[in-house]
Amino acid sequence: MTLKLPMMALAGFVALGMVPSVAAAADTAAEQFRDQFLNGELTWDDVSARARQEGEVNWFHWGGSEQLNSWIEQVAAPEMKKLGVTLKTTRLAGTREAVDLVLTEKQAGRGVGEGSVDLIWLNGDNFYTLSSQDALFGSFAEKLPQSRNFEFDSTDPRSQLNLSDFGTPTGGQEMPWSGEQYICYADMARLPRQEAPADFEELEGWLKENPGRFTYVKPPHYIGNTFVQTVLYAFNPSGRGYQDFQKPIEEFTPEALAEIMLPGFEYLKRIEPHLLPVYPQNQQANQALYNNGEVDLACEFGLYLVDSYRKTGAFSETTETLLFPNTGMIKNKNFLTIPVNAPHPAAALVFADLMSRFDMQASKLEKIGYPLGIDRWKLSKQQQETANSVAPSHFGVTAEDLAAVAVPDTNASLVKVIERVWQAYIERKSDKPFPEIVLNAMKAG
Amino acid sequence: MNGKEGRLTLTKWLGLLPALTVLAVLFAGALVFAAVQSFGHAPQYGVTEFPTLKYYRGVLGDDGFWVSLGITFYYALVPTVLGGALSLALALSLSRRFRGKALALFLYRIPMVVPYLVGVSLAILLFANGGLFARLFHALGVIATPADFPRLIQTSGGVGIMMVYLWKQVPFMTAMLYANLIVIGRQPEEAATLLGASPWQTFRHVTLPRLMPALVGSTLIVFAFNFGAFEVPFILGAGYPNTLTVEAWRLFDNPDYSQRPAAMAIVCLLTLISAVCVLLYLMLSRRFDRTVGRAA
């Protein structure tokens, strides 16, 4: 028995491991294309020619926004057609569905050129999953012609937004598509700007006078995690704010991590009795609380959220963006990635390139208020002016205000620890000492 | 039992085959996969520790599991007991003769054909703090703002969850009990009354024992369903603590796929506990049957 079971497990593992290598050999043409492209042996004309041959590209994206869906149909698909490729989209309720599909197909032995997903719009957790399961096409981003619109030079600190996705190194395996910033919004008719809190201390004071008028989305939802991260940055006792949270977990001892997180978590515990006694599950639930007048301000990702929601009537005409917290508002990007078993890899590359073109980025900004994924300082003077003129309004704050307080996201390996600490310390009200909670959270990873 | 009737002939087996195939593949197959994963065999997520008890140890060692187990029992038992009592009363009333009986018999069944998710939506529309009742009470000046309406959903008190269960399950249990009442007929009750039994005595010693098999059967189905239900507590329950099914889903949905064996461990434990509860309940009801003189 002692020998038999591990042997069986081993046999099973070997059998499962062999299937992909056997099957992957089946589409040698696709494999060869990938290797040649990644090694820089192909010109862009070669890629475009192969893309036209492939004829179609399957893009899987979150389909919860009608505005985005119609932009894709009316702008992206016709442009793609001009390049000789039919854009087929699959609208998802959650990006995880596409990630699962890729992994299931990979598991079933479908290798390069044999899956059903060519591109996924994603960031954060989902990229982390695909990357850790070794399910990505490869380092393509810097090899596309339109990569000139991005800062990929790692010596420039501004490149971090393109090279790091929630702290996971992108390694060029995904192409930035849109930028986002964590903002808070309030109804000026209920909460005039001069009374609105500007930082977390003011929020605490305001909450004591207006109990139950604020809450945040529950971690481990990424909107909730981001709020907690913002608090941790603001209360970091080292005085280095977000900087400490850029490092991967390996560089921390449990004591050191507990030390920089404790004041932030103490703050969250302190304000909890004054919050609305519900942590909403997601941003939609939070918006419902806001629209229903249960809370006066709410936070989520969305540089132009207020503008687009005011236009559709989902928010009141008096809703405006707040510059809160002025200690740092997290900024990040979302990306297009190509999975390892993309059936039309050349068409996928062509699509990623098209989406990075200035005219497409400007159209996306103008028509549906999705912020630029390309970097402004890489654009020509004229392009910058165009971008400024088509950008929707921020309502109450300026782009400069928001840029001035922008801070990067937390390292993905720490986000998981932060989630677990929040669950233990805030949600489950663990009475264990804080360093022990942090230690357990780190061990659970 | 007669030997000839008891033997399953080939044709009977063939008749059962489609149903058995579905059971074996979809139910037993899934259960085996879940069990194997829970013992650490999930190479697709990079977990190759088979056989290990570490996921069970992790789950059982977590205080949250026991809190969730308690909540799971609470949400399953209260509507079962309360619903059983309500259904009994309703079935007895419906079995009497009264004006408009045909209409009543039609109306009470409506929730049975409405999906649970519609019930969930109704609960939100009516009882959420932005719901119809909150607004109504606010408009009438009973409460200062809609937010002051008592929180019935998305709290671990689970009032909203149990309301949906009752709304959906009372008609089902009533239908089962009512059908039995019709079959049993009124003669034994009339005989008892003629012999001088009070209405309570008639109910206690004549009606209830005869309804017992139907009551046990229907409450059993309802309990087992509630114990393993997911979508109602997921939408109407609290962030924490919530039922074991919701906890299992959270682990399963974690971006870190190596958490999935732990989710499978919870699912396996849930199945085991549910099966043990059902068995115990059946044994108790058999014992009751014997005490009232029915063959086990």
For a paramagnetic label modelled at 7 Å from the Cα of B:Ile273 toward its Cβ, which residues of region B:32-57 fall within the zone defined by backbone nitrogen distances under 15 Å? B:56-57
The answer for the per residue Cα convex hull volume of region B:161-296, in Å³, is 128 Å³
Beta bridges by DSSP in the protein assembly as shown, antiparallel share as percent, to the nearest 5: 70 percent
Residue-averaged beta-carbon neighbours from other chains (10 angstrom radius) around A:413-426: 1
Which of A:Asn332, A:Asn123, A:Asn149 fluctuates most in a GNM of chain A (C-alpha springs under 10 Å)? That residue is A:Asn149
Spacing of the two label points (7 Å from each Cα toward its C-beta) at B:Leu16 and B:Tyr281, in nm: 2.4 nm
Using DSSP loop states and a limit of at most 14 other Cβ atoms within 10 Å to flag trypsin sites (Lys or Arg not before Pro), what is the longest stretch of chain A containing no flagged site? A:1-239
B:Leu60 paired with A:Glu385, simple spin-label distance in nm, labels 7 Å along Cα-to-beta-carbon: 7.4 nm
From Cα pairs below 8 angstrom and at least 6 apart in sequence, can you work out the relative contact order of chain B, rounded to a whole percent? 26 percent
Orientation-averaged projected area, Cα convex hull of region B:52-291 (nm²): 17.8 nm²
1/(1 + (r/R0)^6) with r = Cβ-Cβ of A:Glu317 and A:Arg193, R0 = 22 Å, i.e. FRET efficiency to nearest 0.05, evaluates to 0.90
Kirkwood hydrodynamic radius over Cα pairs of region A:108-208, then Stokes diffusion coefficient at 10 °C and 1.306 mPa s, in µm²/s: 93 µm²/s
Relative contact order of chain A (C-alpha contacts under 8 Å, at least 6 apart) in percent is 25 percent
What FRET efficiency comes out for the pair A:Ala77/B:Val32, r = Cβ-Cβ distance, R0 = 60 Å, nearest 0.05? 0.85
How far apart, in nm, are the 7 Å Cα→Cβ label points at A:Arg91 and B:Leu132? 2.9 nm
When a footprinting reagent is the concern and you count Cβ atoms within 10 Å, what order do A:His61, B:His138 take, fewest first? B:His138, A:His61
With N residues in the protein assembly as shown, Rg(alpha-carbon) / (2.2 N^0.38 Å) equals 1.12
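In peptide B:246-258, how many Cβ atoms from other protein chains are near each Cβ within 10 Å, on average? Could the numbers behind the result be given before it?
Numbers: counts 0, 0, 0, 0, 2, 0, 0, 3, 5, 15, 7, 6, 2.
Mean shielding by partner chains, rounded to a whole number: 3.
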Taking Rh as the Kirkwood radius, which is the inverse of the mean 1/r over Cα pairs, what is the Rg/Rh value for region A:262-318? 1.05
Okay, which of region B:15-34 sit inside 19 Å, backbone N to the point 7 Å along the Cα-Cβ direction of B:Ile221? B:19-20, B:23
Hey, got the Cα dimensions of region A:314-445 along the principal axes, in Å, largest first? 58, 47, 31
TM-like helix rule applied to chain A (DSSP H, alpha carbon span at least 18 Å on the long axis, mean Kyte-Doolittle at least 0.0) gives A:4-24, A:222-235, A:254-271
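We did not get these values from a lab; they are worked out from the coordinates using the rules stated. These figures come from a predicted structure and were not determined experimentally. Cβ coordinates were reconstructed from backbone atoms using ideal geometry, including for glycine residues, and neighbour counts include every protein chain displayed.
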